[in-house]
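Participant: There's a structure below that I have some questions on.
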Amino acid sequence: MKNIHYSVTDESFGKVATVTFDEPESAVNTMSTQWGEDMGELVARLTADKTSLKAVILASNKKTFFAGADLKGTLRNTHPDAKEVFERVERTKRHFRAIETLGLPVVTCLNGTALGGGFEVALVGHYRVAVDDKRILLGLPEVTLGLLPGAGGVTKMTRHLGLVAAMPHLVEGKLFSPAEAHGLGLVHELVAQCKDAKGGKDVAAEAASLRQAALAWLATGPKAQHPWDDKDYKVPGGTPSNPKLASMLSVAPAMLKQKTRGLYPAPEAIMNCMVDGLKVDMATAFRIESRYLAKLFVGVNARAMITTFFNMNAIKSGQSRPGNAPKYKPAKVGLLGAGMMGAGIAYSQASKGIATVLKDVTQEKADAGKAYSAKLTQARVDKGRMGPHDQAELLNRIQATDKAADLQGCDLIIEAVFENRDLKARVTQEAEPMLAAGGFFASNTSTLPIGGLAKASAKPEKFIGIHFFSPVDKMKLVEIIRGKQTDDDTVARAFDYVQAIGKIPIVVNDSRGFFTSRVFGTFVMEGVAMLGEGIPAAAIENAGVQCGMPVGPLAVIDETSMSLSVHVMEQTRKDFEAEGKTYTATPGQLLVEKMVNEIKRPGRAGGGGFYNYPSKEDAKNGVKKALWPGIAQFEKPGAVWDIADLKDRILFRQSVETARCLSENVLTTVHDANIGSIFGIGFPAWTGGAMQFIYGMGIAAFVKRADELAARFGAGFALTPEVKDAIERFTPVY
């Protein structure tokens with residue numbers, strides 16, 4: 001066996017076989033093809049030795065226990081066969097079941113994290129011992145990958161915990177620490193953490209403690225049986241025929257569909273598997289589980305969501321970070337502008353231990369910005385999620401001021417003032433001299449090119465864009481924009497800063513609108529263009545929601561302010577004129593201009609736009625926003641439209657623009673494109689991101705449909721040879 005070590009030792013009560021998982025040349029253990037073959041040989045050895053053995057111990061020679069399925073191998077299998085998947089997972093369960101029913105007590109020693117298939121390996125043991133370390137994660141998060149725990153996880157967890165109690169851990173993929181697992185009865189014993197002389201984790205000592213606990217339990221002569229193999233076993237909480245459960249199950253599918261919009265098949269499959277599995281014996285329940293998994297495995301959603309997992313890991317590991325400089329975290333950061341953005345950034349920094357100087361033109365405005373952090377933390381204190389002392393420490397890290405001198409010594413200064421080039425230039429020139437030696441300056445702009453803003457800087461190589469999204473305390477993505485003169489060290493420091501405040505950085509090159517604002521603009525303007533074509537507003541909004549966007553395009557542009565869109569267009573026109581070019585507005589942009597300048601409905605902040613909004617009092621009484629009745633003036637009786645076309649226009653328009661960003665070197669990686677589109681724009685997560693939407697469909701099929709849409713709905717969908725080349729060139733290889 002290549003991935004499994006097998007040894008037999010003489011203990012006081014008899015011989016014990018120790019099975020140690022240890023995949024060579026890998027930091028973790030995975031359910032690779034070789035591991036599957038080794039498991040077959042392991043079962044053969046245990047079966048041959050069982051008459052001379054008293055017990056079996058399952059252990060790991062890695063820092064974690066077991067990582068689970070070989071996900072990269074899954075992506076390399078570009079044409080999975082459902083029958084082959086079914087047979088493979090059934091074979092794995094036969095191996096597990098053979099070990100469980102040998103008649104020998106089996107103990108699992110959990111020295112570290114065990115997720116997905118790794119936790120299913122752990123569940124083979126009749127008794128499970130774990131290190132009491134809150135950093136260790138256990139559980140079955142397969143639903144987040146578009147899959148279900150198919151190696152016995154659904155069946156066993158449902159029987160361990162009961163239908164209701166198991167649901168959060170299966171349908172939602174909720175994880176738990178060893179202590180929490182102990183409380184659930186999924187871990188039977190905890191051993192204390194062991195530290196080495198330097199205060200680090202003493203891996204060898206913990207392994208010895210786990211083994212000692214395992215042997216102590218085995219010495220008691222325990223029963224070699226899982227609860228459900230006892231003839232008197234009853235499912236906790238009852239079976240689906242229980243009247244209380246039956247009434248809950250009658251509404252659960254509809255509630256689930258409301259959350260997933262029918263776009264995520266895994267949660268529904270897991271719920272069906274849980275319910276159907278409790279109506280039959282274990283063997284049949286296992287087969288049901290395997291069939292559901294095989295169907296999910298060959299679907300596009302699982303591939304897309306697994307891709308998202310690897311894309312996120314690529315960002316976390318710093319693949320977009322240039323150079324090899326040591327990790328950086330600024331000690332003191334200045335913020336110019338204490339409005340919604342500045343106040344949100346201040347909270348994000350202070351909550352991660354960074355001293356913050358929040359400056360505005362008056363002390364009153366600066367104090368109001370700091371009050372935002374007080375409001376957010378008070379809500380946490382009221383709910384018992386934060387102590388008053390911690391709240392006070394956080395607020396003390398924020399210095400609200402109207403004096404530029406207080407910025408002296410900042411490692412980083414970020415301007416977050418209104419999107420006006422002249423204003424940004426003034427505040428840059430005022431604050432930049434206050435930077436500490438080696439410090440750098442950033443602009444929190446969503447659209448204005450960094451190269452133009454950097455002209456106001458004395459050190460353009462130390463000037464960068466750091467684009468936060470609103471509301472900052474909730475939005476995880478931050479777009480880092482490299483100007484033409486920005487050096488690698490500044491990009492790397494900006495990347496580290498974003499990670500230091502707990503957010504997700506993507507790196508893009510300078511251009512008008514960068515990546516996220518540019519692609520976001522195509523989403524909202526395509527929706528407005530549809531309205532101008534006479535398509536009913538309700539149909540447009542429903543199409544957006546049905547394809548997986550958080551809300552429809554008309555609702556989004558209302559919230560973000562049509563006035564801002566018009567301001568950006570006006571600035572762009574001026575820039576084009578200065579360059580001797582002619583700017584041509586799209587049909588959607590022209591209608592937005594009309595809404596703002598002629599109809600005087602600039603969006604929610606201006607009293608209303610495409611929607612009417614209730615007063616605060618009415619909102620308290622349950623009154624919700626509604627489409628503005630006057631929107632009917634744009635509808636054209638007899639207009640022909642198809643919901644499939646509307647949904648495709650929304651998704652394809654954004655994907656085409658994303659591919660253009662790659663071809664123009666605005667984006668340089670697919671992982672930044674996919675993660676940026678999901679977390680920054682709200683592109684449907686079920687697709688895996690704007691580029692994975694293309695690859696999941698298949699390039700040929702995407703190009704064919706894009707050509708059809710371009711012929712009917714305009715140049716926004718047209719794919720030039722350069723864009724097609726970029727799509728081919730950036731095809732992921734695993």
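The values are calculated or read from the model by the stated rules, or taken from the named source; none is laboratory data. Since this is a predicted model, take the numbers as computed values, not measurements. Heads up, the Cβs are rebuilt from the backbone with ideal geometry, glycines too, and the neighbour counts pull from every protein chain shown. Accessible surface areas use protein heavy atoms only, side chains included; no ligands, DNA or RNA. Shrake-Rupley method; radii C 1.70, N 1.55, O 1.52, S 1.80 Å.
Participant: Quick one: angle between helix 643-663 and the longest Cα principal axis of the chain, in degrees between 0 and 90, rounded to 10, please.
Facilitator: 80 degrees
Participant: Under a point-charge model restricted to the Cβ atoms of Lys and Arg (+1) and Asp and Glu (-1), what is the dipole moment magnitude of the chain relative to its Cα centre, in debye to the nearest 20? Don't skip to the answer; put the middle values down first.
Facilitator: Working: 87 positive and 79 negative charges, 171 e Å.
The calculation lands at about 820 debye.
Participant: What aspartates and glutamates could a cross-link reach from K455, if we take a straight Cα to Cα line under 20 Å and drop same-chain neighbours fewer than 8 places away?
Facilitator: Candidates past the 8-residue exclusion: E415, E419, D422, E430, E432, D487, D488, D489, D510, D575, E577, E579.
Participant: Okay, next question. Give me, ordered by chain and number, the residues 5 or more places off I504 or on other chains with an amide H under 5 Å from its own placed amide H.
Facilitator: Those qualifying (amide H under 5 Å, at least 5 residues apart or on another chain) are L477, V478.
Participant: Right, next: Is the range 235-278 best put as rounded, prolate or oblate by its Cα gyration tensor, with a ≥ b ≥ c the root eigenvalues, rounded for a/c under 1.5, and otherwise prolate when a/b is larger than b/c, oblate when not?
Facilitator: oblate
Participant: Taking the 0 to 90 degree range and rounding to the nearest ten, how far is the long axis of helix 699-713 tilted relative to the main principal axis of the chain, both from C-alpha atoms?
Facilitator: The two axes meet at around 30 degrees.
Participant: Can you tell me the relative contact order of the chain? Whole percent, Cα pairs under 8 Å, sequence separation 6 or more.
Facilitator: 9 percent
Participant: Using unit Cβ charges (K, R positive; D, E negative) and no other charged atoms, how large, in debye to the nearest 20, is the dipole of the range 272-347 about its Cα centre?
Facilitator: Dipole magnitude for the range 272-347 comes out near 360 debye.
Participant: Less than 12 Å apart at the alpha-carbon level, and either on another chain or at least 8 residues along: which aspartates and glutamates does that give for K174?
Facilitator: E142
Participant: Sticking with this structure for a sec: Could you work out, for the range 343-437, what percent of all Cα-Cα pairs fall into each 10 Å distance bin, beginning at 0 Å and stopping at the bin that holds the largest distance?
Facilitator: The percentages, shortest bin first, are 16, 45, 28, 10, 1.
Participant: Given a cut-off of 49 Å, what percent of all Cα-Cα pairs of the chain lie beyond it?
Facilitator: Summing the P(r) tail past 49 Å for the chain gives 25 percent.
Participant: What percent antiparallel are the DSSP beta bridges of the range 459-594, to the nearest 5?
Facilitator: Working: 4 of 10 bridges.
Antiparallel: roughly 40 percent of the beta bridges in the range 459-594.
Participant: Also, quick follow-up: If you take the square roots of the eigenvalues of the alpha-carbon gyration tensor of the range 462-517 and sort them as a ≥ b ≥ c, do you get rounded (a/c under 1.5), prolate (a/b over b/c) or oblate? Write out the running numbers ahead of the final one.
Facilitator: Values: a/c = 2.62, a/b = 1.29, b/c = 2.04.
Oblate, since a/c reaches 1.5 and b/c is not below a/b.
Participant: Which distance in Å, rounded to a whole number, links the C-alpha centroids of the range 36-108 and the range 386-404?
Facilitator: The range 36-108 and the range 386-404 have Cα centres separated by 53 Å.
Participant: Oh, and also: Looking only at the chain, where both bridge partners belong to it, what percent of the DSSP beta bridges are antiparallel (to the nearest 5)?
Facilitator: If we restrict to bridges inside the chain, about 25 percent are antiparallel.
Participant: Given a cut-off of 29 Å, name the pairs among K365/K484; K365/K503; K600/K620; K316/K704; K327/K403 whose C-alpha atoms lie farther apart than that in the structure shown.
Facilitator: K365/K484; K316/K704; K327/K403
Participant: List the pair-distance distribution P(r) of the range 421-499, using every Cα-Cα distance, as the percent of pairs falling in each 10 Å bin from 0 up to the bin containing the longest distance, rounded to whole percents.
Facilitator: Pair shares across the bins are 19, 52, 28, 1.
Participant: Please report the carbon-and-sulfur percent of the accessible area for the range 81-151; probe 1.4 Å, protein heavy atoms only, DNA, RNA and ligands left out. Could you put the intermediate results ahead of the total?
Facilitator: Values: 1140 of 2110 Å².
Within the range 81-151, the accessible surface is 54 percent carbon and sulfur.
Participant: Translational D (Stokes-Einstein, µm²/s) of the range 385-426 at 37 °C and 0.692 mPa s when Rh comes from the Kirkwood sum over C-alpha pairs?
Facilitator: For these conditions, the coefficient is 248 µm²/s.
Participant: Now, a different point. For the range 263-395, what are Rg and Dmax over the alpha carbons, in angstrom?
Facilitator: 24.3, 72
Participant: What is the local net charge at E579, summed over the other residues whose Cβ is closer than 12 Å to its Cβ (Lys, Arg +1; Asp, Glu -1)? Don't skip to the end; give the middle numbers.
Facilitator: Details: positive: R512, R573, K574, K581; negative: D575, E577.
Around E579, the surrounding residues sum to +2.
Participant: Which peptide among 222-229, 329-336 comes first, and what is the full order, when sorted by highest mean count of other Cβ atoms within 10 Å? Before the final figure, lay out each step's value.
Facilitator: Values: 222-229: 15.2, 329-336: 21.9.
Highest mean packing first, the order is 329-336, 222-229.
Participant: Same structure, new question: Pairing the Cα long axis of helix 243-260 with the longest principal axis of the chain, what angle in degrees results, from 0 to 90 and rounded to the nearest 10?
Facilitator: 40 degrees
Participant: Skip the ligands, DNA and RNA, and give the accessible area per residue of the range 320-414 with a 1.4 Å probe, whole Å².
Facilitator: Accessible area per residue, the range 320-414: 48 Å².
Participant: By average Cβ neighbour count within 10 Å, what is the ranking of 269-282, 230-243 from highest down?
Facilitator: 269-282, 230-243
Participant: Name the residue farthest towards the positive end of the dipole of the chain from the options L435, S26, F717, assuming +1 on Cβ of Lys and Arg, -1 on Cβ of Asp and Glu, about the Cα centre.
Facilitator: Checked the options; the winner is S26.
Participant: Under 8 Å for C-alpha pairs, at least 6 residues apart: give me the relative contact order for the range 545-616, rounded to a whole percent. Show your work: numbers first, answer last.
Facilitator: Details: 59 pairs, mean separation 27.2, N = 72.
In percent, rounded to a whole number, it is 38.
Participant: A follow-up question, please. In what sequence, highest mean first, do 651-660, 482-491, 386-395 appear when ranked by Cβ atoms within 10 angstrom?
Facilitator: Order by mean packing, descending: 651-660, 482-491, 386-395.
Participant: Pairs K201/K329; K359/K624; K93/K257: which exceed 32 Å Cα-Cα? Write out the running numbers ahead of the final one.
Facilitator: Working: K201/K329 25 Å; K359/K624 36 Å; K93/K257 30 Å.
Result: K359/K624 exceed 32 Å.
Participant: For the range 534-585 and the range 176-239, compute the distance between their C-alpha centroids and round to whole Å.
Facilitator: Between the Cα centre of the range 534-585 and that of the range 176-239, the gap is 56 Å.
Participant: Separate question: Can you compute 3J(HN,Hα) from phi for each residue in the range 45-51, using the Karplus curve 6.51 cos²θ - 1.76 cosθ + 1.60 with θ = phi - 60°, rounded to whole Hz and x for Gly and Pro?
Facilitator: 5, 5, 5, 5, 9, 4, 5
Participant: Which value, in Å² and to the nearest 10, is the accessible area of Y583 when all protein chains are kept and the probe is 1.4 Å?
Facilitator: Its heavy atoms expose roughly 50 Å² to the probe.
Participant: Pairs of Cα atoms under 8 Å, at least six residues apart: use those to get the relative contact order of the range 648-734, whole percent.
Facilitator: Working: 75 pairs, mean separation 30.7, N = 87.
With pairs under 8 Å counted, the relative contact order is 35 percent.
Participant: Here's a follow-up. Compute the distance from the alpha-carbon center of the range 1-28 to that of the range 303-341, in whole Å.
Facilitator: The range 1-28 and the range 303-341 have Cα centres separated by 40 Å.
Participant: Run through the range 600-644 and list the trypsin sites (Lys or Arg not before Pro) located in a DSSP loop whose Cβ has at most 16 other Cβ atoms within 10 Å.
Facilitator: Hits after loop and neighbour filter: K600, K624, K625.
Participant: Name the shape class, rounded, prolate or oblate, that the alpha-carbon gyration tensor gives for the range 154-277, where a ≥ b ≥ c are the square roots of its eigenvalues, rounded holds for a/c under 1.5, and otherwise prolate holds if a/b is larger than b/c and oblate otherwise.
Facilitator: Note, shape of the range 154-277 comes out oblate.
Participant: Also, quick follow-up: In whole Hz, what ³J(HN,Hα) sequence does the range 578-589 give by Karplus (6.51, -1.76, 1.60; θ = phi - 60°), x for Gly and Pro?
Facilitator: Running phi through 6.51 cos²θ - 1.76 cosθ + 1.60 with θ = phi - 60° gives 5, 8, x, 10, 10, 8, 10, 6, 7, x, x, 5 Hz.
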